[in-house]
Amino acid sequence: MDLTPRQIVAELDRYIVGQTAAKRAVAVAIRNRWRRQQLPPDLRKDVTPKNIIMIGPTGVGKTEIARRLAQLVGAPFLKIEATKYTEVGYVGRDVESMIRDLTEIAVGMIRQLQRGQVETQAKERVQERLLDLLAPGSNTFDPENAEENERHKRTREKMKARLEAGELEDKQVELNVEQKTVPVQIFSNLGMENMDVDFQSMFERIMPKQSQNRQLTIKEARKVLLEQESEALIDRQAVNERAVELIENQGIIFLDELDKVCGPQSSVGPDVSRQGVQRDLLPVVEGTTVNTRYGPVKTDHILFIAAGAFHTSKPSDLMPELQGRFPIRVELTDLKREDFLRILTEPKHALTKQYAELLATEGVTLEFTGDGVAALADIAFEVNRTAQNIGARRLHTILERVVEEISFDGPDLTKKHVRIDDRYVRGQLAEIMEKEDLSKFIL
């Protein structure tokens, strides 16, 4: 997608308030990918992405920026926590498994795209199979019996007309349905995932596919048959090749909680979940080849966006080699009262709009007044300042508390119009706000 950096920032502004520096950094990173594709092949292979570290407290929009960005450009996107990995060879997942997870996501994306391309052809094949179920034997022709052939043809045409008219949707047919088997996972938690790649494919070929005859309505059978025919029409090898190509050129990995794996080197025993993870991250971020069940994947041009609060540590505590792999640093700012006010009203799916729409399903009209929204922003900012700062997530806890009574009584309310103003907000939160010790736990 050839969006300009300004257009990317404008799109992100629809969902995320503030944090202009972070938005600009990711917008430039995405545009540089498009620029790289325009270069001659011999130069293109040498242009590597400039990975980003986002530094800022929880709840200010780090993850949301990366997630919305991936949706915007249609890139394979994986969000993972650095804390779930250990050094290779120890109990736990090794860092290369993130590339395998990203590959699975890309294969799913390409397969979904292919389904759309073969949908018309698949529907035609489904129609024929439904006719075979409704009028068995009507599609077979006997060269010596012209009259029988004509009768079969007429029967099939009648059934086809009724099927297209939707008259047979509730008619029961017997269909052979293949049961989906759970993928076999071997050694996946023992740091031996390279073995997992080959064994998993081998077991899927060896294990017999289980199927059973089921009585389904035409409506249900059509969905099952469409799934079967779409799978049959999709070229698996082409899907795998396109998925690998998509990852290598467009993949984005959001590596959260990076600050939790940096710190002073352990003086007692091997530090397999901190320094060990950093050491293993080096080749993956710099560029290596990871074996997956869909083929080898080069990580040279995957964009890594790391994030962390860095409360007790700082980016300079990371291994120097790893710091060099993340040349762009952007700091996300704490949310102010004005930011909370904007978060409650401006984004496309703002929290106040979400609650209003949820209760509208019960016939309740929820009206947030200007002073009511201002009160919510004031309280969220004040509680974040005096208690633990959890950023915009504080609004979820406060709003849930404010509308709790309405949510519970919603179906039984006689007065279906509720006005959330300053007085109502402070009335709902007064008891908790007065008890300072209690507010720390509840809000």
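The values are calculated or read from the model by the stated rules, or taken from the named source; none is laboratory data. For clarity, every value in this text was computed on a predicted model and none was experimentally measured. No Cβ is skipped: glycine too gets one built from the backbone with ideal geometry, and neighbour counts run over all protein chains shown.
Tabulated data for the structure shown
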quantity	calculated
Qualifying residue in segment 179-195 (condition: outside any loop (DSSP other than H, G, I, E, B) and at pLDDT 60 or above)	no
Any hit, segment 12-26, residues being farther than 20 Å from ARG393 by Cα and among the acidic types (Asp, Glu)	no
Answer residue from segment 405-432, given it is among the charged types (D, E, K, R) and in contact (Cβ under 8 Å) with a residue 12 or more places away in the chain and is farthest from ALA309 (Cα to Cα) among those	LYS416
Filter pass, GLU400 being assigned to a loop (DSSP other than H, G, I, E, B) and at pLDDT 85 or above	no
Selected residue (criterion: nearest to SER407 (Cα to Cα)) from residues of segment 348-380 that are within 25 Å of the chain's Cα centre (by Cα) and surrounded by fewer than 17 Cβ atoms within 10 Å (Cβ to Cβ)	LEU358
Within segment 247-366, helices (runs of 4 or more DSSP H) holding 2 or more residues that are within 26 Å of GLY108 (Cα to Cα)	275-286
Total residues in segment 396-409, condition farther than 20 Å from ALA374 by Cβ and either touching a helix residue (DSSP H, G or I) at 6+ places or on another chain (Cβ under 6 Å) or aromatic (Phe, Trp, Tyr) (or both)	1
Residue list for segment 365-384, restricted to those being more than 15 Å from LEU429 (Cβ to Cβ) and without any contact (Cβ under 8 Å) to a residue 40 or more places away in the chain	GLY370
Test: residue in segment 138-147 that is in a helix (DSSP H, G or I) and at pLDDT below 85	yes
